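Written below as structure tokens is the structure these notes are about.
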Amino acid sequence: MSTTGTTSTSTLPDIVSPAEWAAARADLLAAEKDMTRARDALAARRRRLPMVEFGPFTFTGEAGEQTLLDVFEGRRQLIVYHFMHDPNWCSGCALFTDQVSNLAHLHARDTSLAIVSLTPWSDLEPFRRRMGWTLPFFSCGPDFADATGTPEGFGLSVFLREGDRVFRTYFTAGRGVEQLGSVWSFLDLTPLGRQEQWEDSPAGYPQTAPYQWWRLHDEY
């Protein structure tokens with residue numbers, strides 16, 4: 001019999017009584033709550049990060065040539081994932097893209113998301129169709145990749161729009177991208193955050209009661 005994919009019980013965690021398991025779980029829960037509070041504090045600090053004016057840049061997408069302002073789709077915030085340019089296609093970037101949830105929830109918080117790559121649109125669009133992705137995809141020029149520090153790699157940038165002015169507010173790469181994909185993880189990277197009243201945000205930031213803004217994605 002094949003043992004592929006199995007693990008010896010001698011290498012697994014200890015087997016204990018229900019009471020011992022509950023005590024160990026309680027200890028772990030305390031550590032998890034500490035991490036949650038630390039993550040909330042880090043997000044509050046991120047919302048106060050200085051920003052830098054950015055652009056202008058142009059991209060190619062389904063609608064032809066578009067500006068960075070166009071990519072916002074009229075919303076105030078924009079999250080851009082920099083999809084690595086690779087003739088063999090980056091499996092890590094594809095894995096990230098597969099995990100992105102329905103964009104209606106981000107849109108409800110005035111936030112757009114787009115995938116941008118140095119890959120020419122003539123190659124990028126067929127790959128998008130092959131993967132069944134409906135997210136907004138764009139091909140960028142080397143000027144945008146250089147300005148974002150992603151000419152040979154992947155990463156994620158956050159932008160804020162004030163009228164016709166665009167500002168870059170955040171960037172992460174490497175393992176900083178690993179935990180992303182949920183609506184909450186994306187909003188925690190933005191300057192406006194989740195926009196809920198419990199958050200530690202600067203005075204005047206838009207905030208509403210938690211939970212009450214949630215909808216089924218076809219009911220916004």
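Consider segment 139-172 and keep the residues that are of a type in the set (Asp, Glu) and closer than 19 Å to CYS93 by Cβ. The one that is modelled with the highest pLDDT is ASP146. Taking ALA104, is it in contact with a Leu (Cβ under 6 Å, 6 or more places away or on another chain) and of a type outside the set (Phe, Trp, Tyr)? Taking the combined requirement at face value, the residue does not satisfy it. Within segment 52-64, residues that are assigned by TED's automatic domain parsing to the domain that holds LEU160 and under 20 Å from LEU135 (Cα atoms) have Cβ atoms under 7 Å from residues that are surrounded by fewer than 16 Cβ atoms within 10 Å (Cβ to Cβ) and of a type in the set (Val, Ile, Thr) in these pairs: THR58/THR67, counting only partners at least 6 apart in sequence or on another chain.
When segment 196-220 is limited to residues that are part of a loop (DSSP other than H, G, I, E, B) and among the hydroxyl-bearing types (Ser, Thr, Tyr), the one that is surrounded by the most Cβ atoms within 10 Å (Cβ to Cβ) turns out to be SER201. Here is the figure for segment 147-163: residues that are surrounded by 12 or more Cβ atoms within 10 Å (Cβ to Cβ), of a type outside the set (Val, Ile, Thr) and out of contact with any Pro (no Cβ under 7 Å at 6 or more places or on another chain) total 9.
Criterion first (touching a Ser or Thr at 6+ places or on another chain (Cβ under 8 Å) and either part of a helix (DSSP H, G or I) or at positive phi (or both)) does PHE186 satisfy it? So PHE186 passes the test.
Could you say whether any residue in segment 138-147 is under 17 Å from PHE54 (Cα atoms), assigned to a helix (DSSP H, G or I) and touching a Gly at 6+ places or on another chain (Cβ under 9 Å)? Yes, some residue in segment 138-147 is under 17 Å from PHE54 (Cα atoms), assigned to a helix (DSSP H, G or I) and touching a Gly at 6+ places or on another chain (Cβ under 9 Å).
Please verify whether segment 182-194 includes one or more residues that are more than 20 Å from the chain's Cα centre (by Cα) and either touching a residue at least 24 places away in the same chain (Cβ under 8 Å) or closer than 21 Å to ALA114 by Cα (or both). Looking through segment 182-194, none of the residues is more than 20 Å from the chain's Cα centre (by Cα) and either touching a residue at least 24 places away in the same chain (Cβ under 8 Å) or closer than 21 Å to ALA114 by Cα (or both). Exactly one residue out of PHE127, PHE159 is in contact (Cβ under 8 Å) with a residue 24 or more places away in the chain, aromatic (Phe, Trp, Tyr) and in a helix (DSSP H, G or I): that is PHE127.
Would you call TYR211 touching a residue at least 24 places away in the same chain (Cβ under 8 Å) and farther than 23 Å from ALA94 by Cβ? Criteria not met by TYR211. Of the set (1) crowded, with 16+ Cβ neighbours inside 10 Å; (2) outside the structural domain of MET84 (by TED's automatic domain parsing), all apply to PHE167 but (2).
One residue alone among SER112, SER91, SER101 is within 30 Å of ARG215 (Cβ to Cβ), under 18 Å from the mean Cα position of the chain (by Cα), modelled with pLDDT under 95 and not hydrophobic (A, V, I, L, M, F, W, C), and that residue is SER101.
Every condition in (1) over 21 Å from ARG45 (Cβ atoms); (2) assigned to a loop (DSSP other than H, G, I, E, B) is met by GLY193 except one, and the failing one is (1).
Can you name every residue in segment 26-51 that is touching a residue at least 12 places away in the same chain (Cβ under 8 Å) and not aliphatic (A, V, I, L, M)? Within segment 26-51, ARG39, ASP40, ARG46, ARG47, ARG48 qualify.
When the residues of segment 95-131 are filtered to those that are among the aliphatic types (A, V, I, L, M) and more than 18 Å from GLY61 (Cα to Cα), the one that is surrounded by the fewest Cβ atoms within 10 Å (Cβ to Cβ) is LEU95.
The values are calculated or read from the model by the stated rules, or taken from the named source; none is laboratory data. Everything quoted here is computed from the prediction, not taken from an experiment. Neighbour counts are summed over all protein chains in view; Cβ atoms, including those assigned to glycine, are modelled from backbone coordinates with ideal geometry.
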